[in-house]
Amino acid sequence: MPEPLASAQRFTYTYAEASAPALRDVTLTIEPGTFTVLAGVSGSGKSTLLRALCGLVPHFHGGTAEGELSVAGLSVRDHGPGELAAVCGTVLQDPEAQVVMGGVRAELELPLEHGGETSASIARAVEETALALGIGHLLDRRTDTLSGGELQRVAIAAAMVRRPQLLLLDEPTSQLDPVAGDELVWLLRRLNEDWGTAVVMAEHRLERCLPAADRVLALAGAGLACDAPPREFLAWATHSAPGLATPAARLFSLAGLSPPPASVREARAGLRSAAIAPPAARPAAVASARRAAPPAVRVRDAWLEIEDGPTVLRGLSLDLQPGERAVLMGRNGAGKSTLLRLVKGLIEPTRGRIERTGEVALLLQNPGDYLLHEHAAEEAGPEGLLRAGLGGRGGANPRDLSGGERQRLALEVVLSGGATAAVLLDEPTRGMDRAHKDDLARRCTELAAAGAAVLVATHDTEFAATFADRVVLLGQGVVIADGGPAEVLGRGWHFSTDVARITDGAALTPEQGAGLLRDRLEGALA
Amino acid sequence: MRFVPTYRPRPSALHSARAGVAASFCGALAFAGALDQHPLILGAALAGIALAAAGAGVGREVLAAMRIALPFALLVTIINPIVYQEGNTLLFRGGEVLGQRVDITLEATVAGALAGLRVVVIIVALWLMSVAVDPDALLRLFRRISYRSALTASLATRLVPVLARDASRMSEAARCRPQPAGRLAVARTALAGALDRSVDLAAALELRGYALGGRPERRRAAWSRHDIRLAAAAGSIVLLAIAGRIAGIARIETYPELRIEIGPPELALAAAIVTLAAAPFAGRAARLGVARA
């Protein structure tokens, strides 16, 4: 049995001025060369555990720590993040705040220079790390010209360049489209296998990373609730924490099948072993009869050409009907955010026109940007606070609210002008757990029922499948697919749900898929 | 047009030279402006900066600096004659304000305008440095000299663009509110967020091992033709400015009467500064990515 790389013994930590511990009695070990996923709802202590493993807790954040937590034999109570940096690379949530230099090469050189490496070894380490992470072509770029995905890879490379034994990542795929997110997870798995680096990764989209994981640590209420391999974790989650179960696991659970699969491949194998052929794809539903109504928003042949830059939109046309629940999907840089800004009127198209029948409300990616006052009550008024589920918390400073609370409040801020023809949301589910996504879907459905056209730009296919009645897929600045969720997501490759992959597009959500599978099972038994 | 100076690699002599030399060149032009108050020399320094900026391909960026420098210059020009009552040529008799006589004289006005021009020269020269000298290389140099100062500079250089982007996002969000928020509210919130941002950046620096205090190894590389030309130009500008001062060239008296000497020595000194500032950019151009060619 190898010596554990990290071990915690009844480790408890409370942030300065906090009334309750953020981590309580955590006991665990991390073995060298393992790939561990940290699961848990928002506020369960995932980020704090990562910050403790890299030494930011308690050295940087203050507060009080009890018990023991050591990494590579160094106690985090005695050794700060600088000392632990030699054995532990860390990438926190916001990649923009992770990058400290102006150029990519300088960013990768910095940790090595701090470690006192020679110029020759620095040059070699930078080159090799860049190649391993597929960012060789970015080495001479400026960091402020990189996309979110590129910035994320550079941050990981900077954390990896000293070849640490342990790599810690806090929601690294939250800003990435499905393609880039999958690529990143498999890249981490390759680093784990080729270099023997132990990876600990906190993530909400478990379906994306469980297939690569050896083990899952689930946190609940600041304590460790489950420590098991992926399949055992899913069995536990299905019964004890349904919010953490992946769509494939929920599909099996609802259909009465076991064991829960950790990947699409396992799910397909499970169906085969149960002698259930994937259900035949149902004909896609015709999108909407409401399209005959006059649109709330009409985009006609819109072009957006940036001076000395790329052409973001290329003659895009789109109608949004009142009461419609639409989602806008596409890879990073496809033009989703630009289209939303155009519809709101924040930017003007270089060609084409936008028609609106009334006010348009737009919630951009960072809800905190909307909150300008000292008290929540000053932002949205008493009714807005109630709708945001913040009744009685009007005196709270918006900065002290959780991410989900801030987002609900910001949504009420943009809706506070009265009736709106359209409500647009840009990546609202980023970093959200399922319960918060369900709350958001409910509020958006209410807005649509009140007559507003709701358009949500998202990478989250599972959210799209449960919320939308129309899916618009953008690519290269034009609409490349537009139809009902079953039509677009059921036939997608990357832009598809796990359940659609398992059922060959016959169903999108676990509930739909389980119904079909039960029919098949009953048919087989009969 | 950017209001935050941003470095971009370009195929120019200034961009290709080592950071210390390129910064010294910009510093020499700022020094020439700071040392002298003669309008011809200040004008020469400004013209030198403009030519260097054009030669380095950052003319537009440096023009943006004027939008920040000119209001400062105007402020100095206005305040000086109000504060200083000296000078024999009365332009405006303002009477008494709070028991103080306020008379505007030609001499105080010109002195204010020249001080303003000096501010412009210094700001524009430093702006040229910000857009044409790689800040990473400069910080690396600082880390070898003063570790703690470099830490502060690292935080500051990274914080400026991050805060500018935050402010831009917040201002966009403010436009999405049904009753758009004022600029003051946005600026106040952006500044309040600066503390959080600096904590995030400080945490990132900690995680990159900044606390270990390792100093970067000196990188030995042969001097390129750009290094040699720029270093020679920078040294010559500084020496000329000092020599001119010692020799009493470009003398100027503002009080009690305005006396500005303009003769062959002043013209020669000004022409020399302009020529030296432009000289490194003459001849074969630099190539992008071949910094030491």
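The values are calculated or read from the model by the stated rules, or taken from the named source; none is laboratory data. The shown structure was predicted, so the numbers you read here are calculated from the model rather than taken from an experiment. No Cβ is skipped: glycine too gets one built from the backbone with ideal geometry, and neighbour counts run over all protein chains shown. Heavy atoms of the whole protein, side chains included, go into the accessibility calculation; ligands, DNA and RNA do not. Shrake-Rupley method; radii C 1.70, N 1.55, O 1.52, S 1.80 Å.
What to note about this one:
- For region A:373-396, the candidate set comprises residues that are over 30 Å from A:Ala293 (Cα atoms) and of a type in the set (D, E, K, R); within that set, the residue that is least open to solvent (accessible area, probe 1.4 Å) is A:Glu379.
- Counting only helices (runs of 4 or more DSSP H) that sit completely within region A:454-526, those holding 1 or more residues that are under 30 Å from A:Thr357 (Cα atoms) and of a type outside the set (Ser, Thr, Tyr) correspond to A:461-467, A:485-489.
- Candidates A:Leu447, A:Leu455, A:Leu474: the one that is assigned by TED's automatic domain parsing to the domain that holds A:Leu328, open to solvent by 10 Å² or more (accessible area, probe 1.4 Å), farther than 17 Å from A:Ala267 by Cβ and modelled with pLDDT of 90 or more is A:Leu447.
- Lone qualifier among A:Asp482, A:Asp460 - being closer than 25 Å to A:Tyr370 by Cβ and either surrounded by fewer than 24 Cβ atoms within 10 Å (Cβ to Cβ) or at pLDDT below 90 (or both): A:Asp460
- Which numbered condition B:Val120 misses (of (1) more than 10 Å from chain A (Cβ to nearest Cβ); (2) in contact (Cβ under 8 Å) with a residue 12 or more places away in the chain; (3) open to solvent by less than 30 Å² (accessible area, probe 1.4 Å); (4) under 19 Å from B:Gly20 (Cβ atoms)): (4)
- Residue match in region A:397-412 (condition: surrounded by 21 or more Cβ atoms within 10 Å (Cβ to Cβ) and at the interface with another protein chain (Cβ under 9 Å from one of its Cβ atoms)): yes
- Those residues of region A:339-372 which are open to solvent by 50 Å² or more (accessible area, probe 1.4 Å) and over 28 Å from the mean Cα position of the chain (by Cα), in sequence order: A:Glu348, A:Thr350, A:Arg351, A:Arg353, A:Glu355, A:Arg356, A:Thr357, A:Glu359
- Taken over region A:114-140, the residue count meeting the criterion of being open to solvent by 70 Å² or more (accessible area, probe 1.4 Å) and more than 9 Å from chain B (Cβ to nearest Cβ) is 6.
- Verdict on A:Pro367 being at pLDDT below 95 and more than 19 Å from A:Asp433 (Cα to Cα): no
- B:Ala47 being touching a helix residue (DSSP H, G or I) at 6+ places or on another chain (Cβ under 6 Å) and assigned to a helix (DSSP H, G or I): yes
- Any hit, region A:13-20, residues being buried (at least 24 other Cβ atoms within 10 Å of the Cβ), out of contact with any Lys or Arg (no Cβ under 8 Å at 6 or more places or on another chain) and hydrophobic (A, V, I, L, M, F, W, C): no
- The number of residues in region B:142-155 that are open to solvent by less than 50 Å² (accessible area, probe 1.4 Å) and within 13 Å of another protein chain (Cβ to nearest Cβ) comes to 6.
- Criterion violated by A:Asp78 - all others in (1) more than 11 Å from chain B (Cβ to nearest Cβ); (2) crowded, with 23+ Cβ neighbours inside 10 Å satisfied: (2)
- Looking only at residues of region A:245-265 that are within 22 Å of the chain's Cα centre (by Cα) and open to solvent by less than 20 Å² (accessible area, probe 1.4 Å), we find that the one that is nearest to A:Ala20 (Cα to Cα) is A:Ala245.
- Condition check for B:Leu114: within 30 Å of B:Leu42 (Cβ to Cβ), more than 8 Å from chain A (Cβ to nearest Cβ) and open to solvent by 50 Å² or more (accessible area, probe 1.4 Å): no
- Number of positions in region A:137-177 that are of a type outside the set (Asp, Glu), assigned to a helix (DSSP H, G or I) and free of Cβ contacts under 8 Å to residues at least 40 places away in the same chain: 4
For (1) touching a residue at least 12 places away in the same chain (Cβ under 8 Å); (2) open to solvent by 70 Å² or more (accessible area, probe 1.4 Å); (3) aromatic (Phe, Trp, Tyr), each residue gets a yes or a no:
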| residue | (1), (2), (3) |
| --- | --- |
| B:Phe72 | yes, yes, yes |
| B:Pro81 | yes, no, no |
| B:Asn88 | yes, yes, no |
| B:Ile104 | yes, no, no |
| B:Val131 | yes, no, no |
| B:Arg140 | yes, no, no |
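- Note on region B:198-230: residues that are facing another protein chain (nearest Cβ under 7 Å), in a helix (DSSP H, G or I) and out of contact with any Pro (no Cβ under 6 Å at 6 or more places or on another chain) amount to 8.
- Selection over region B:157-173 of residues that are open to solvent by less than 20 Å² (accessible area, probe 1.4 Å), facing chain A (nearest Cβ under 7 Å) and closer than 17 Å to A:Pro398 by Cβ gives a count of 2.
- Odd one out for B:Val62, checked against (1) surrounded by 16 or more Cβ atoms within 10 Å (Cβ to Cβ); (2) in contact with a Gly (Cβ under 7 Å, 6 or more places away or on another chain): (2)
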